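Below is one structure, written out as structure tokens, with a few remarks after it.
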Amino acid sequence: MGVRVIFDCDLIVQQGDFQLKQHFQSEQKVVGLFGVSGAGKTTILHSIAGIIKPKQGRIRIQDRTFFDSRKQINLSIQARRTGMVFQDAQLFPHYSVQQNLLFGWQRIASSERKFELDYVVQLLKLEHLLTRMPAKLSGGEKQRVALGRALLYSPQILLLDEPLSALDAHHKTEIIPFFQKIRDEIHIPMLYVSHDAEEIAQLTDTLWQL
């Protein structure tokens with residue numbers, strides 16, 4: 001029996017004058033996506049999430065085909081169930097931390113929920129923040145809430161788009177252990193995008209370089 005492929009991406013994406021051609025496979029559950037600004041890192045994430053439709057190719061995550069131009073498969077964003085965390089957290093400013101955490105959780109069937117609120121709150125040490133509004137959070141706290149919200153959506157894959165780039169060195173050091181905890185305790189594939197190779201190396205030694 002062969003090794004199970006987790007990530008299988010073979011893409012041609014055309015956006016205006018910009019064309020991206022990438023092919024990558026990995027048996028590892030956590031993969032770093034590394035490259036300079038403008039290389040196409042976010043384009044790959046958006047293609048996996050279903051925000052962008054590639055010109056041709058295929059996207060398979062674990063045993064699910066998200067996109068295959070030859071077989072005319074193109075799952076909707078909702079069907080792909082990706083959890084995305086951006087560099088600016090993108091919390092709902094008019095919702096408390098608890099309301100933000102439960103936003104996706106409340107929108108999926110109870111049978112599809114992999115995690116409960118209490119587990120994610122304890123995992124990310126958010127107990128003392130639940131009633132706060134986003135404006136009262138530090139940058140590191142916002143990213144932990146964004147990560148918790150993504151996990152509670154019970155995603156097929158976590159797509160992390162430079163989640164630490166807006167943080168100073170102190171807050172980066174503070175939040176990296178939480179990503180490591182998720183890597184070690186929660187068996188969801190993660191694609192971690194950064195222009196900082198040292199940051200990626202703290203989570204994985206499997207690197208997809210653009």
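For segment 92-111, the candidate set comprises residues that are of a type in the set (A, V, I, L, M) and not in a helix (DSSP H, G or I); within that set, the residue that is farthest from the chain's Cα centre (by Cα) is Ala109.
If the condition is being outside any helix (DSSP H, G or I) and either in contact with a helix residue (DSSP H, G or I) (Cβ under 8 Å, 6 or more places away or on another chain) or on the phi > 0 side of the Ramachandran plot (or both), then segment 172-194 contributes Ile186, Ile188, Met190, Leu191, Tyr192, Val193, Ser194. Checking each residue in segment 51-66 for being within 12 Å of Phe7 (Cβ to Cβ) and touching a helix residue (DSSP H, G or I) at 6+ places or on another chain (Cβ under 6 Å) picks out Ile59, Phe66. Summed over segment 8-64, the residues that are polar (S, T, N, Q) and over 22 Å from Arg81 (Cα atoms) give a count of 5.
Could you look through segment 40-67, keep only residues that are surrounded by fewer than 17 Cβ atoms within 10 Å (Cβ to Cβ) and on the phi < 0 side of the Ramachandran plot, and pick out the one that is modelled with the lowest pLDDT?
Asp63
If the condition is being within 20 Å of the chain's Cα centre (by Cα), of a type in the set (Gly, Ala, Ser) and loosely packed, with under 14 Cβ neighbours inside 10 Å, then segment 10-39 contributes Ser37, Gly38. Scanning segment 116-138 for residues that are touching a residue at least 40 places away in the same chain (Cβ under 8 Å) and either within 30 Å of Trp208 (Cα to Cα) or touching a Cys at 6+ places or on another chain (Cβ under 9 Å) (or both) yields a total of 2.
Among the residues of segment 158-185, which ones are closer than 23 Å to Gln62 by Cβ and without any contact (Cβ under 8 Å) to a residue 40 or more places away in the chain? First the steps, then the outcome.
Start the filter on segment 158-185 by keeping residues that are closer than 23 Å to Gln62 by Cβ, which leaves 158-161, 163, 179-185.
Passing the criteria: Phe179, Gln180, Asp184.
Selection of segment 129-171 for residues being in a helix (DSSP H, G or I), surrounded by fewer than 19 Cβ atoms within 10 Å (Cβ to Cβ) and of a type outside the set (Gly, Ala, Ser) yields Lys136, His170, His171. Here the strands (runs of 3 or more DSSP E) wholly within segment 1-90 that include at least 1 residues being without any contact (Cβ under 8 Å) to a residue 24 or more places away in the chain are 18-26, 64-68. Only a single item in (1) basic (Lys, Arg); (2) in a strand (DSSP E or B); (3) under 17 Å from Ile157 (Cβ atoms) is not met by Lys114, and it is number (2). Condition first: touching a Lys or Arg at 6+ places or on another chain (Cβ under 7 Å), under 30 Å from Leu126 (Cβ atoms) and either at pLDDT below 95 or among the charged types (D, E, K, R) (or both). Can you find one or more residues in segment 82-91 that meet it? Within segment 82-91 (the criterion being touching a Lys or Arg at 6+ places or on another chain (Cβ under 7 Å), under 30 Å from Leu126 (Cβ atoms) and either at pLDDT below 95 or among the charged types (D, E, K, R) (or both)), the answer is yes, since at least one residue qualifies.
The values are calculated or read from the model by the stated rules, or taken from the named source; none is laboratory data. Everything quoted here is computed from the prediction, not taken from an experiment. A quick note on method: Cβ atoms are made from the backbone with ideal geometry, for glycine too, and the neighbour counts reach across all protein chains shown.
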